[in-house]
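Asks: Just dropping this structure here.
The values are calculated or read from the model by the stated rules, or taken from the named source; none is laboratory data. Predicted model only: the values in this text are computed from it and were never measured. So basically every Cβ, Gly included, is an ideal-geometry build from the backbone, and we count neighbours across all protein chains shown.
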Amino acid sequence: MIELTDEQRDILREISHVGAGNASEALSEMTGKTAEVAFPWLGVKELQEIPDMMGGAQNVFTVVSLDVRIEEFDGDGQGRSTLLLSMDRESAKVLAEEMTGESMDGEELNDMEKSALKEAGNILAGNCMAAITEYVDLNMVEETPEIETDMLGAIMDNVLLDVATEHEELLVFKTKFSMHEKVDAYFIFFFEDGAHHMVLDRLAHE
Amino acid sequence: MSRKIRVKMGEYRIGQDDNVLSALGIGSCVAVCLYDDTTGIGGLAHIMLPDDSAQPEKAAPTLVMGLIQDMEAVDAVPGAMTAKLFGGASLLSTSMEIGKENVAAVTHLLSDQGIPVIAEDTGGDTGRSIWLNCRTGDVVVQKPFGPTERY
């Protein structure tokens with residue numbers, strides 16, 4: 001069981017707020033459109049509940065997933081975090097269009113659109129990680145993002161697989177981005193492999 | 001008992017009559033549908049991992065054996081059971097083999113129990129949602145792009 005003290009919960013809220021704010025600002029800058037961000041949600045979720053909180057296990061979504069390696073500067077402590085940018089197919093198409101400045105035919109995403117969306121994932125991740133490292137003294141290294149369009153549950157099977165061997169539940173941050181009523185995207189991240197201990201222990205020392 | 005029963009990752013459930021057991025958005029997971037047409041008792045296990053070394057409660061041995069026992073407990077006959085398998089796909093690049101391992105593990109377990117696999121739609125690179133109709137033993141499979149199929 002992951003249990004949070006009130007103090008930890010407060011600081012995590014603050015971090016997720018700053019992170020989401022930074023990220024939406026960066027996204028607005030890249031696209032020239034205002035990205036609105038909803039009040040972030042923070043809580044502990046069982047693994048099997050996660051696909052439903054992202055839009056429904058059987059619904060087809062485009063998901064950018066990105067792993068972050070979390071390391072202690074002065075020790076060999078290591079952990080991981082996974083970030084997911086998840087949106088319905090129409091939102092994915094519109095966001096890609098905003099990112100590239102080009103409108104492309106076809107329902108499916110082409111390579112250029114895919115890499116634009118991966119870049120959006122990178123930007124969001126980078127900003128969130130920057131917000132966290134303002135509060136905790138940890139090194140965060142982003143790995144290469146991947147993108148997939150399929151049933152959300154099916155994508156999450158593979159994302160959660162690595163987590164499932166060690167965890168029953170995860171500390172999850174979730175927020176929703178909207179852009180001129182045509183883009184709705186969930187942005188979610190969670191800590192794995194001891195990473196939440198590394199982060200939470202440091203918050204307790206604040 | 002509610003008519004529709006959703007079976008989430010790492011769970012198994014049984015049903016009969018007008019129950020419909022479903023597993024939604026299966027990727028590398030495997031959905032095992034067991035059906036005894038002499039009693040009309042059906043069961044579905046949603047398996048995440050092939051072996052019980054790490055998290056036994058989400059793995060094939062625990063879930064398949066648990067499902068068979070639960071069905072027996074309500075008088076399903078092991079010798080009359082048949083199996084249908086779905087899932088075991090590979091999405092993203094991180095876990096290429098796990099879907100195949102899940103299918104192999106389940107196939108092996110069922111063969112040990114003498115339960116024949118009479119239909120299968122496994123592998124590939126897309127997700128599936130499946131619904132087991134406990135009145136008929138039929139399974140409807142939906143993939144993200146394309147028509148639904150019946151097994």
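Asks: Looking at A:Met156, A:Met140, A:Met151, which one is surrounded by 19 or more Cβ atoms within 10 Å (Cβ to Cβ), aliphatic (A, V, I, L, M) and more than 29 Å from B:Gln142 (Cα to Cα)?
Replies: Values: A:Met156 fails: more than 29 Å from B:Gln142 (Cα to Cα); A:Met151 fails: more than 29 Å from B:Gln142 (Cα to Cα).
Result of the check over A:Met156, A:Met140, A:Met151: A:Met140.
Asks: Out of all the residues in the stretch B:38-64, which are within 11 Å of another protein chain (Cβ to nearest Cβ) and touching a Gly at 6+ places or on another chain (Cβ under 7 Å)?
Replies: B:His46, B:Met48, B:Glu57, B:Lys58
Asks: Is it true that some residue in the stretch A:35-45 is within 17 Å of A:Phe189 (Cα to Cα), within 14 Å of chain B (Cβ to nearest Cβ) and surrounded by fewer than 19 Cβ atoms within 10 Å (Cβ to Cβ)?
Replies: Within the stretch A:35-45, one or more residues are within 17 Å of A:Phe189 (Cα to Cα), within 14 Å of chain B (Cβ to nearest Cβ) and surrounded by fewer than 19 Cβ atoms within 10 Å (Cβ to Cβ).
Asks: When the residues of the stretch B:91-129 are narrowed to those that are touching a residue at least 40 places away in the same chain (Cβ under 8 Å), more than 10 Å from chain A (Cβ to nearest Cβ) and outside any helix (DSSP H, G or I), which ends up surrounded by the fewest Cβ atoms within 10 Å (Cβ to Cβ)?
Replies: B:Gln113
Asks: Output the number of the condition that A:Leu95 fails; it satisfies all remaining conditions of (1) modelled with pLDDT under 85; (2) within 21 Å of A:Ala185 (Cβ to Cβ); (3) out of contact with any Asp or Glu (no Cβ under 7 Å at 6 or more places or on another chain); (4) more than 14 Å from every other protein chain (Cβ to nearest Cβ).
Replies: (1)
Asks: Which of (1) surrounded by fewer than 16 Cβ atoms within 10 Å (Cβ to Cβ); (2) out of contact with any helix residue (DSSP H, G or I) (no Cβ under 7 Å at 6 or more places or on another chain); (3) modelled with pLDDT under 95 is the odd one out, the single condition B:Lys143 does not satisfy?
Replies: B:Lys143 satisfies every listed condition except (1).
Asks: Any residue at all in the stretch A:145-167 that is among the charged types (D, E, K, R) and touching a Lys or Arg at 6+ places or on another chain (Cβ under 7 Å)?
Replies: no
Asks: When the stretch B:16-32 is examined, which residues are found to be surrounded by 24 or more Cβ atoms within 10 Å (Cβ to Cβ) and either away from every other protein chain (no Cβ under 14 Å) or in a loop (DSSP other than H, G, I, E, B) (or both)?
Replies: Once the filter is applied, which keeps residues that are surrounded by 24 or more Cβ atoms within 10 Å (Cβ to Cβ) and either away from every other protein chain (no Cβ under 14 Å) or in a loop (DSSP other than H, G, I, E, B) (or both), the stretch B:16-32 yields B:Leu21, B:Gly27, B:Ser28, B:Cys29, B:Val32.
Asks: List pairs: first residue in the stretch A:129-153 and within 30 Å of B:Leu24 (Cα to Cα), second residue of a type in the set (D, E, K, R) and outside any strand (DSSP E or B) anywhere in the structure, Cβ distance under 6 angstrom, at least six positions apart or on different chains.
Replies: A:Pro145/A:Lys118; A:Ile147/A:Lys114; A:Ile147/A:Lys118
Asks: Which is within 12 Å of the chain's Cα centre (by Cα), surrounded by fewer than 24 Cβ atoms within 10 Å (Cβ to Cβ), within 19 Å of A:Leu47 (Cβ to Cβ) and not β-branched (Val, Ile, Thr), of B:Lys8, B:Lys84? I'd like the intermediate steps shown before the answer.
Replies: Values: B:Lys84 fails: within 19 Å of A:Leu47 (Cβ to Cβ).
That would be B:Lys8, the only listed residue that is within 12 Å of the chain's Cα centre (by Cα), surrounded by fewer than 24 Cβ atoms within 10 Å (Cβ to Cβ), within 19 Å of A:Leu47 (Cβ to Cβ) and not β-branched (Val, Ile, Thr).
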